[in-house]
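Here is the structure we will look at, set down as structure tokens.
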Amino acid sequence: MRFIISSTTLLRNLQAINGVMSSNNTLPILDDFLFQLDEEKLLITASDNETSMSVAVQPDKSEESGSVAIPAKILLDMLKTFADIPITFTINMENFSVEISSGEGKYKLNGHNSEEYPLPMTVDNPSNFTMNSQVIVNAVNKVLFASGTDELRQMMTGMYWDISEERIIFVATDAHKLVKYTRFDAKGEEETSFILPKKPLNNLKNILSTQDINVNIQYTDKHAVFSFGSFVLTSRLIEGKYPNYHAVIPQENPNVMTIERLPLLTTLKRVGIFANQSTHQVRFRISGKELALSAEDIDYSNEAKERLTCDYVGEDMDIGFNSKFLLEMLNNVEDDIVRIEMSQPNRAGLILPGEVQEAENEDILMLVMPVMLSK
């Protein structure tokens, strides 16, 4: 098995799929890239046994089909040192030794039998639809930060896709905050849903962020497959029933504050520094045209107060929020003005773009639970 390929081309593609790999694999073979040479196409795969990603590369020249697993770290470290030069891989299919030649240099390392590499996950009789890559990137950027990390509630550790023939809704929540992002320019062929883990979503975002292409998505009740360009990503889905996110969104919110996003963001950063470091509690005292923010940490005698002007309709209110959660949300709103809708100090608040949303293809809603105010 032998092929010649540009070092830059190989490195770029290996780095793209390398994010799938895990640093604590239970199977040592998963520390390798799987190289499969078939006629004039080289297929390279990385996997952590839950998610796998393959990329098809065109070698400059190839001889004899075959497959081998090559240790990822040493290969990546070596390729990073090269300029853009052709390099030759020669694999002894009897002992799987790998010889790499570049100009005057020769390097040898031990490969492994590809038969030890886990078989790729198969997806039988899948449903499918197509989505623009930038829709996926926007959904991950706007939604995924709200997902949880508690493995005991694994359903909340991923992003929920609520698919219908009219729209797709992306949801993430950790029970303290929730983001619901709707795209009306992305649709499925049937009403269904699935939960995709964080890792494949972040891999997709990293690769697709600079591309504007269509992504074909196939899915069953256990797996989802994303195909685009020369890449194929296959991921196991999170099993279980996602929480009823509709039920936790309050419908009647008579108290509405409209405020400039950037001043609120920077004030929250300052005031939040002085909050208790376990609760991150910041008090909002809203009355008339004024929002007074305050925080204190009694243990260290730290205290901060600051005032902002706002437009407010409703009863005067004292309500507490976790400043870290609010900062995450405000950082993911693009509008200059935000609207915060509330009903009671012990009920969730909604953060929405300041103007009534008229965007043709998207709609976003963020929910944050209040924290109980200390006396």
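The values are calculated or read from the model by the stated rules, or taken from the named source; none is laboratory data. Being a predicted model, the structure only gives us computed values, none of them experimental. Here the Cβ positions follow ideal geometry from the backbone for every residue, glycine too, while neighbour counts run over all protein chains shown. Only protein heavy atoms, including side chains, enter the accessible area calculation; ligands, DNA and RNA are left aside. Shrake-Rupley method; radii C 1.70, N 1.55, O 1.52, S 1.80 Å.
Residue count for region 264-318, restricted to those that are touching a residue at least 60 places away in the same chain (Cβ under 8 Å) and aromatic (Phe, Trp, Tyr): 0. Could we say that residue 102 is in contact (Cβ under 8 Å) with a residue 60 or more places away in the chain, buried (at least 17 other Cβ atoms within 10 Å of the Cβ) and touching a Leu at 6+ places or on another chain (Cβ under 7 Å) here? So residue 102 does not fit the description; no. One residue alone among 146, 172 is open to solvent by less than 50 Å² (accessible area, probe 1.4 Å) and without any contact (Cβ under 8 Å) to a residue 40 or more places away in the chain, and that residue is 172.
Looking at region 195-228 only, could you name the residues that are hydroxyl-bearing (Ser, Thr, Tyr), assigned to a loop (DSSP other than H, G, I, E, B), in contact (Cβ under 8 Å) with a residue 12 or more places away in the chain and under 20 Å from residue 14 (Cα atoms)? The answer is 209, and nothing else.
Scoring residue 347 on the criteria (1) open to solvent by less than 90 Å² (accessible area, probe 1.4 Å); (2) within 27 Å of residue 147 (Cβ to Cβ) leaves a single failure, condition (1).
In region 1-15, which residue that is open to solvent by 10 Å² or more (accessible area, probe 1.4 Å) and hydroxyl-bearing (Ser, Thr, Tyr) is nearest to residue 53 (Cα to Cα)? Among those that are open to solvent by 10 Å² or more (accessible area, probe 1.4 Å) and hydroxyl-bearing (Ser, Thr, Tyr), it is 9.
On inspection, residue 328 fails the criterion of being assigned to a loop (DSSP other than H, G, I, E, B) and either touching a helix residue (DSSP H, G or I) at 6+ places or on another chain (Cβ under 9 Å) or open to solvent by 40 Å² or more (accessible area, probe 1.4 Å) (or both).
A quick yes/no check of all residues on (1) in contact with a helix residue (DSSP H, G or I) (Cβ under 6 Å, 6 or more places away or on another chain); (2) open to solvent by less than 70 Å² (accessible area, probe 1.4 Å); (3) touching a residue at least 60 places away in the same chain (Cβ under 8 Å):
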position: 108; (1), (2), (3): no, no, no
position: 114; (1), (2), (3): no, yes, yes
position: 118; (1), (2), (3): no, yes, yes
position: 123; (1), (2), (3): no, yes, yes
position: 126; (1), (2), (3): no, yes, yes
position: 131; (1), (2), (3): no, yes, yes
position: 135; (1), (2), (3): no, yes, no
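Of everything listed in (1) over 23 Å from residue 347 (Cβ atoms); (2) among the aliphatic types (A, V, I, L, M); (3) surrounded by 13 or more Cβ atoms within 10 Å (Cβ to Cβ), the single unmet condition for residue 262 is (3). Assess whether residue 366 counts as being surrounded by 13 or more Cβ atoms within 10 Å (Cβ to Cβ), part of a strand (DSSP E or B) and either among the aliphatic types (A, V, I, L, M) or without any contact (Cβ under 8 Å) to a residue 24 or more places away in the chain (or both). Yes; evaluated as a whole, the condition is true for this residue. Taking the listed residues 278, 230, 294, 301, the one that is in contact with a strand residue (DSSP E or B) (Cβ under 8 Å, 6 or more places away or on another chain) and farther than 30 Å from residue 126 by Cα is 294, with no other qualifying. Given the criteria open to solvent by 80 Å² or more (accessible area, probe 1.4 Å), β-branched (Val, Ile, Thr) and at negative phi, does residue 273 qualify? So residue 273 passes the test.
Only strands (runs of 3 or more DSSP E) whose full extent lies in region 1-107 are considered here, and the ones with at least 3 residues that are modelled with pLDDT of 95 or more and more than 14 Å from residue 117 (Cβ to Cβ) are 2-6, 51-57, 86-91, 97-102. Of all residues in region 176-232, those that are under 18 Å from residue 245 (Cα atoms), among the hydroxyl-bearing types (Ser, Thr, Tyr) and either exposed (fewer than 14 other Cβ atoms within 10 Å of the Cβ) or out of contact with any helix residue (DSSP H, G or I) (no Cβ under 6 Å at 6 or more places or on another chain) (or both) total 3. Within region 331-363, the only residue that satisfies the criterion of being among the basic types (Lys, Arg) and part of a strand (DSSP E or B) is 339. If you filter region 245-263 down to residues that are touching a residue at least 60 places away in the same chain (Cβ under 8 Å) and assigned to a loop (DSSP other than H, G, I, E, B), you find that the one that is farthest from residue 161 (Cα to Cα) is 254. A single entry from 240, 229 fulfils the requirement of being of a type outside the set (Asp, Glu), on the phi > 0 side of the Ramachandran plot and at pLDDT 95 or above: 229. Listed by first and then second residue, the pairs with beta-carbon distance under 8 Å, at least 6 apart or on different chains, first residue in region 67-93 and without any contact (Cβ under 8 Å) to a residue 60 or more places away in the chain and open to solvent by 70 Å² or more (accessible area, probe 1.4 Å), second assigned to a helix (DSSP H, G or I) and of a type in the set (Asp, Glu), are 73/31.
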